[in-house]
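A.B. asks: Can you read through this structure? Questions will come right after.
The values are calculated or read from the model by the stated rules, or taken from the named source; none is laboratory data. Everything numeric in this text was worked out from a predicted model, so none of it was measured. When we count neighbours, we look across all protein chains shown, and the Cβ atoms used for this are built from the backbone with ideal geometry, even at glycine. What goes into the accessible areas is simple: the full protein's heavy atoms, side chains included, and nothing from ligands, DNA or RNA. Shrake-Rupley method; radii C 1.70, N 1.55, O 1.52, S 1.80 Å.
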Amino acid sequence: MDAILYWIEINATLVYVVLFGYCLLKSGALPLFAGVLVSSEVLLALPVIGATFLGGYLGDEIRFALARRYGEAMQRRWPRTKTWVARGNRLLEKYGTAYIFLYRYPKGMRTIGALPLGTGHMRWRVFTWLNAASAALWCAVLVGLGYVFGNVIIDAVEDGFGFVSVGLLIVFVAMGWFALRRMERLDAATSQ
């Protein structure tokens, strides 16, 4: 563990760039682990927060712009995209602008979350403000949780994290399964 932490510390700039790229593309747990490294004083807080926020914000801005410009052609070329956009539109109709704050969290949803917004009628100015607020909240939650519980997480890893990691995996898989089932029921209810 000490060797890994030392490598991260001496390659911190690369780690910040990778964190930015990761957050640009997806919304997994890497910012949480970056928060853990901030609590261990291996990484600096401001670059971690900046990389996480900017990656999260700019990634969705790019997806919104691409959907606005190429959304129709994309849906014609890849029919499955049309299904994703329809599902996102139903969620947007049900939850309104709260949808922008919600789609960052379920696994795989962020990748397509901005597509319905870009193909819809929402003005870019409205989207960008809501997107910035959503990215800031997401950054604060993940990096903050990693920072607050950093010592607990590091102690658990050093003590053989095995049982806890399996338990957490089961919890996250169950949460993902329930979220997918809920979306399927919503799809079924709105398509009738």
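A.B. asks: Please report, ordered by residue number, the helices (runs of 4 or more DSSP H) entirely within segment 1-108 with at least 2 residues that are over 30 Å from ASN151 (Cβ atoms) and modelled with pLDDT under 85. If you could, list the steps in order and put the result at the bottom.
C.D. replies: Numbers: elements: 2-10, 12-25, 30-39, 45-77, 79-95, 98-102.
Where helices (runs of 4 or more DSSP H) fall fully within segment 1-108 and carry at least 2 residues being over 30 Å from ASN151 (Cβ atoms) and modelled with pLDDT under 85, they are 45-77, 79-95.
A.B. asks: A further question on this structure: Say we look at segment 40-73 and pick out the residues that are among the β-branched types (Val, Ile, Thr) and closer than 15 Å to THR13 by Cα; which of these is surrounded by the most Cβ atoms within 10 Å (Cβ to Cβ)?
C.D. replies: Taking segment 40-73 first, the residues among the β-branched types (Val, Ile, Thr) are 42, 48-49, 52, 62.
Filter again for closer than 15 Å to THR13 by Cα, leaving 42, 48-49, 52.
Numbers: VAL42: 19, VAL48: 24, ILE49: 20, THR52: 28.
Among those residues, the one meeting the criterion is THR52.
A.B. asks: Name, by its number, the condition in (1) open to solvent by 20 Å² or more (accessible area, probe 1.4 Å); (2) free of Cβ contacts under 8 Å to residues at least 60 places away in the same chain that does not hold for PHE33.
C.D. replies: Result: PHE33 fails condition (2) only.
A.B. asks: In segment 113-125, which residues are surrounded by fewer than 18 Cβ atoms within 10 Å (Cβ to Cβ) and part of a helix (DSSP H, G or I)?
C.D. replies: Scanning segment 113-125 gives TRP124, ARG125.
A.B. asks: Any residue in segment 4-12 that is free of Cβ contacts under 8 Å to residues at least 40 places away in the same chain, surrounded by fewer than 18 Cβ atoms within 10 Å (Cβ to Cβ) and within 19 Å of the chain's Cα centre (by Cα)? Even if it seems obvious, please write down each step before you answer.
C.D. replies: Pass one, segment 4-12, residues free of Cβ contacts under 8 Å to residues at least 40 places away in the same chain: 4-12.
Still in the running and surrounded by fewer than 18 Cβ atoms within 10 Å (Cβ to Cβ): 4-12.
From what's left, within 19 Å of the chain's Cα centre (by Cα): none.
No; the residues of segment 4-12 include none that is free of Cβ contacts under 8 Å to residues at least 40 places away in the same chain, surrounded by fewer than 18 Cβ atoms within 10 Å (Cβ to Cβ) and within 19 Å of the chain's Cα centre (by Cα).
A.B. asks: Could I ask something else about it? For LYS94, are the conditions met, namely being of a type in the set (D, E, K, R) and surrounded by 14 or more Cβ atoms within 10 Å (Cβ to Cβ)? Give the derivation first.
C.D. replies: On the way: of a type in the set (D, E, K, R): yes; surrounded by 14 or more Cβ atoms within 10 Å (Cβ to Cβ): no.
Answer is no for this residue.
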